[in-house]
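One structure below.
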Amino acid sequence: MVKMRDWVEEINERARTKLGIGRVADYIPALAERDANKFGIAICTNEGEIYAAGDALEPFSIQSISKVFLLTLSLRVYGNALWERVGLNPSGMPFNSLTQLEAERGKPRNPFINAGAIVVADRLVSAFATPSKHLQDVARKLSGNESILIDRRVLESEWQHRSRNAAMAYLMKAFDNIDNDVDHVLHSYFSCCSLSMSCIDLAIALNYLAADGHAHATGEPFIAPDLARRINSIMVTSGMYDAAGDFAYRVGLPAKSGVGGGIVAIVPGKFSVCAWSPALDENGNSVAAQYALELLASEMDARLGR
Ligand code: GLN
């Protein structure tokens, strides 16, 4: 589709005007080395067409986008019992905040803040011998890219600077909301965050959320349509941390961001999209990627027809 190709190219050019705004995450030192002048975007339609521009083939650290995979895999194993361990509401706090955990007896507000994802990782440690290997295999299958790797440098860097996440995990352990060894759970969580994937990999891999749970690369159902709808809902309310409300107003699509600069967004029934650029705003969301998704959402009906 020529008009789609031109449009994605145009978004790439316009989003690049935002390069230079924001800061590359440096609390994980290995992430600070990324070139802030990178920008990529990729769309995977439910028919399986890929439209990509800029640095869409370059792998980056998926970071919190892995929380979508963690949640999906955990819901597949535990179903609604998962919600006894983690809540479903926006936190209104930064993604690495500890303040609500004490008052709420170790039950994190939702699975897309760090504390919530650590609880979900603990559930997966109970279910699988090597959860991060399992998640890597799933990411490979869903994207059709067998070369996806865990970036050992990023993993080591996260491990060295784990104090805050470790504090959350120990507090939750004290409230009996972590069953397994804390170091083991943290290591699994960091390994998932340290997966390296490109915009194209992520757009393809998460297309099941746009396609009623059907995985594009395997051609098979991955999750039930109802579950895909529910995960999209949690992405709307909590996928962009405490900026979820602003993003919902500006873009209005289910989305999940990571401090590696990636954001995946879903247009249910139509396509999945991933935009990436390393420089972040004060909430930890990529400035240029958010802008690209804002352009995409506001022009979608006019450019593609309803
Ligand atoms: N691995 C990061 C952390 O735990 C993920 C944070 C993010 O992408 N928001 O701090």
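The values are calculated or read from the model by the stated rules, or taken from the named source; none is laboratory data. Here the structure is a predicted model, which is why all the values come from computation and not from measurement. When we count neighbours, we look across all protein chains shown, and the Cβ atoms used for this are built from the backbone with ideal geometry, even at glycine. The protein model used for the area step is the full one, side chains on, heavy atoms only, and it has no ligands, DNA or RNA in it. Shrake-Rupley method; radii C 1.70, N 1.55, O 1.52, S 1.80 Å.
So the check is Cβ under 6 Å with 6+ separation or different chains; which pairs have a first residue in the range 286-306 that's open to solvent by 50 Å² or more (accessible area, probe 1.4 Å) and a second one that's at pLDDT below 90?
Final answer for the pair search is none.
Kindly indicate the residue of the range 181-212 that is crowded, with 19+ Cβ neighbours inside 10 Å and assigned to a loop (DSSP other than H, G, I, E, B) and also farthest from the ligand (Cβ to nearest atom) among those meeting that condition.
The extreme case among them is Ala211.
So, of the residues in the range 127-169 that are more than 30 Å from Gly48 (Cα to Cα) and exposed (fewer than 13 other Cβ atoms within 10 Å of the Cβ), which turns out to be modelled with the lowest pLDDT?
Filtering first and then ranking leaves Ala129.
Considering only the range 153-163, I want to know if a residue exists there that is within 13 Å of the ligand (Cβ to nearest atom), under 17 Å from Ser97 (Cβ atoms) and out of contact with any Pro (no Cβ under 9 Å at 6 or more places or on another chain).
Scanning the range 153-163 turns up at least one residue that is within 13 Å of the ligand (Cβ to nearest atom), under 17 Å from Ser97 (Cβ atoms) and out of contact with any Pro (no Cβ under 9 Å at 6 or more places or on another chain).
If you go through the range 117-124 one residue at a time, do you hit one that is more than 16 Å from the ligand (Cβ to nearest atom) and either over 15 Å from Trp83 (Cβ atoms) or not hydroxyl-bearing (Ser, Thr, Tyr) (or both)?
Taking the range 117-124 and keeping what is more than 16 Å from the ligand (Cβ to nearest atom), we get 123.
Those left that are additionally either over 15 Å from Trp83 (Cβ atoms) or not hydroxyl-bearing (Ser, Thr, Tyr) (or both): 123.
Yes, that holds for at least one residue.
Are any residues in the range 32-52 crowded, with 24+ Cβ neighbours inside 10 Å and hydrophobic (A, V, I, L, M, F, W, C), and if so, which ones?
Restricting attention to the range 32-52, the residues satisfying the condition of being crowded, with 24+ Cβ neighbours inside 10 Å are 39-44.
Hits for the range 32-52 are Phe39, Ile41, Ala42, Ile43, Cys44.
Going by what's in this entry, would Asn96 be described as away from the ligand (no atom under 16 Å from the Cβ), open to solvent by 10 Å² or more (accessible area, probe 1.4 Å), of a type in the set (S, T, N, Q) and at pLDDT below 95?
It is false that Asn96 is away from the ligand (no atom under 16 Å from the Cβ), open to solvent by 10 Å² or more (accessible area, probe 1.4 Å), of a type in the set (S, T, N, Q) and at pLDDT below 95.
Filter the range 261-283 down to the residues that are assigned to a loop (DSSP other than H, G, I, E, B) and open to solvent by 10 Å² or more (accessible area, probe 1.4 Å) and list them by number. Reasoning before the result, please.
Initially, the range 261-283 is screened for residues assigned to a loop (DSSP other than H, G, I, E, B), giving 261, 268-270, 277-278, 281-283.
Listed by number, the residues that qualify are Pro268, Gly269, Lys270, Asp281, Glu282, Asn283.
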